Amino acid sequence: MDRDDVPAPLSRRAFLRAILAGTSTALLAACGGTAPSAPGATSAPAASAPTTAPAAAAPTTAAATAESAPTTAAAPTAAAAPTAAAPAPTNTPLALPEGSAGKLTVIHRTEFFEAPQQMFRSTVEEFAKAKGVQLDISTADPNAFGDFIAKMSAAVQAGKPPDFAYHTLSVQQMHFVDIVEDVTDVVDELISKYGAVVPKTAEAEAKIDGKWYAVPFRSQADAWFARKDIFDAAGVDLTQLKILDDYREACLKVSDANKQIWGWGITVNKSGDGHTFITNVVQNFGGRFVDETGHKVTFNSPETVAAVKWLKETYTDPKYKPMLPPGIESWTDSSNNEAFLAGKIAYTYNAFTLYGKAKKDNNPIFPKIAALRKPMTNDGKQRLESGASGWLSIFKGAQNADLAKQLIMELLDPKNFTPMVKEGGGLFLPAYENMWTDDILQLDPNYATLKEIIFNDANYTGQAYPAAPNPAIANIDAQAITSQMMTNVINGSMTPEQAVEDAQRKMVLIFEEMGLPQS
């Protein structure tokens, strides 16, 4: 979004106040980092101990987002249990390392698989050693990221920002508060070496007014996951399923409560997964949250009402009750992970962490998992899907910006980057077309599906579609508007028409409060 296009009432100060007040915390927790809402899960791996090379003060752990790792459970309704490696929740205020001219200061996010994280750190450490500079490198804490943008804004204003960060935060938001440098020269050089950036949504998120304000580093994609063995046994050919109705009927067919197998593992409860699924259904029916500018709310439409009626039918009609696992109406982001990995459900939507967890733990269901593309829109014309990006950002006023640019080129050199992909379990994939080599695709039979998602031409931007992302749109899920809408419908307190109208009104309030008048 062009900041010059935003009416004057939407000020940087007001936006930062919104973040500090907590209304935008959910905006920063993307499992995919870019426009589409991404489902989350539970705990992430513990951060590695900060490393200093060759001689630097002990760094302070900074905050950014990370995909959280799903945990296994004995039953679909079990509470999430943190893995042994998970960091303890913390309410400690976010502290950031301060940048200085004589020290390269780097913040990086945690990874689901430890190996690519260690490779990233090793590359940075070797680079600093070769350049003869001090290094302050900190691993991000996924439990305390909520005020990262506000804190970084303060650091930039104080003239002491870290130099460089690897993250999955909203570049649109970081640019809006003017805390990141123009890195167009770096991206142009990378494109000349490695081909066009993928997914296409990366450009919508990070190229603003013709300039790149973050370097695409790696890609990933969410996917729909199915137990191929269960569908095969029921005579269902997954390749023949096209639209939402096809999948719903197939999930009903494979369900067997006596065997504790339920077909439908998707919730509409307040959660990243729930919000994403509701968005998918609305848009597959032809509903849109905003117009082509991204500034006008268009949620209340016959198409959206039809989608909400379909969702109501799915979760309340006695016909579909046999496919719904116990407690699905109150599932959180960890619940479908737990149920799928415990072998209780046959079909769900999730970040690729679910697949990675099964692989990491040698779960017996792993060879039976099929990664699928999203159901087609109801008219059968397209799939509204895309990958997500991980970013490399140089902060405004960084003391070592030129050195940070050299580091970016070093990290993306195939000799350093490809080994990270090989150890990334599908969560760490190339962000440039020509890096998708046959060697990468042969690592896993499901990577071909991930490539199709990431290379999709739809340029899908999640709730912002068909517009580019902006902070107002991101606040829709931050305030859980769509899941509350479905609660109102399922508990009978509102009709679908009333609930959609109520959701539209709430979205309008957000946009007007952020300086985007709706009348």
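Details
- Karplus-derived 3J(HN,Hα), 6.51/-1.76/1.60, for each residue of the range 498-514, Hz, glycine and proline x: 5, 5, 5, 4, 5, 5, 4, 4, 5, 5, 4, 4, 4, 4, 5, 5, 9
- Pairwise centroid distance, computed over Cα atoms, of the range 279-358 with the range 193-245, Å: 17 Å
- You can think of it this way: the chain between Asp361 and Ala115 has 87.1 nm of extra reach, that is 0.36 nm per residue less the Cα-Cα gap.
- The range 100-202: C-alpha gyration tensor shape, a/c 1.5 cut-off, then a/b vs b/c: rounded
- Sites matching trypsin sites (Lys or Arg not before Pro) across the range 286-391 that sit in DSSP coil, with at most 11 neighbouring C-beta atoms within 10 Å: Lys381
- Two-site label geometry, Asp232 and Asp502: point separation in nm, points 7 Å out along Cα→Cβ: 4.6 nm
- Karplus-derived HN-Hα couplings along the range 151-160 (A = 6.51, B = -1.76, C = 1.60, θ = phi - 60°), whole Hz, x at Gly and Pro: 5, 5, 4, 5, 5, 5, 5, 7, x, 10
- Amide H contacts for Ile208 (H built 1.01 Å from N in the peptide plane; partners 5 or more residues away or on another chain; cut-off under 5 Å): Tyr213.
- Prolate/oblate/rounded call for the range 265-414, Cα gyration tensor, a/c under 1.5 rounded: oblate
- Residues whose placed amide H lies under 5 Å from that of Asn400, excluding near-sequence neighbours: none
- Amide proton proximity set for Asp256, modelled H, under 5 Å, gap of 5+: Ile261, Trp262, Gly263
- In terms of its alpha-carbon gyration tensor, the range 250-349 comes out prolate; a/c meets the 1.5 threshold, and the first ratio a/b outweighs b/c.
- Accessible surface of the range 385-519 [probe 1.4 Å, protein heavy atoms]: carbon and sulfur percent: 45 percent
The values are calculated or read from the model by the stated rules, or taken from the named source; none is laboratory data. All values reported here derive from a predicted model rather than from experimental measurement. Please note: Cβ atoms are built from the backbone with ideal geometry, for glycine as well, and neighbour counts cover all protein chains shown. In case anyone asks, the SASA skips ligands and DNA or RNA and just uses the protein heavy atoms, side chains included. Shrake-Rupley method; radii C 1.70, N 1.55, O 1.52, S 1.80 Å.
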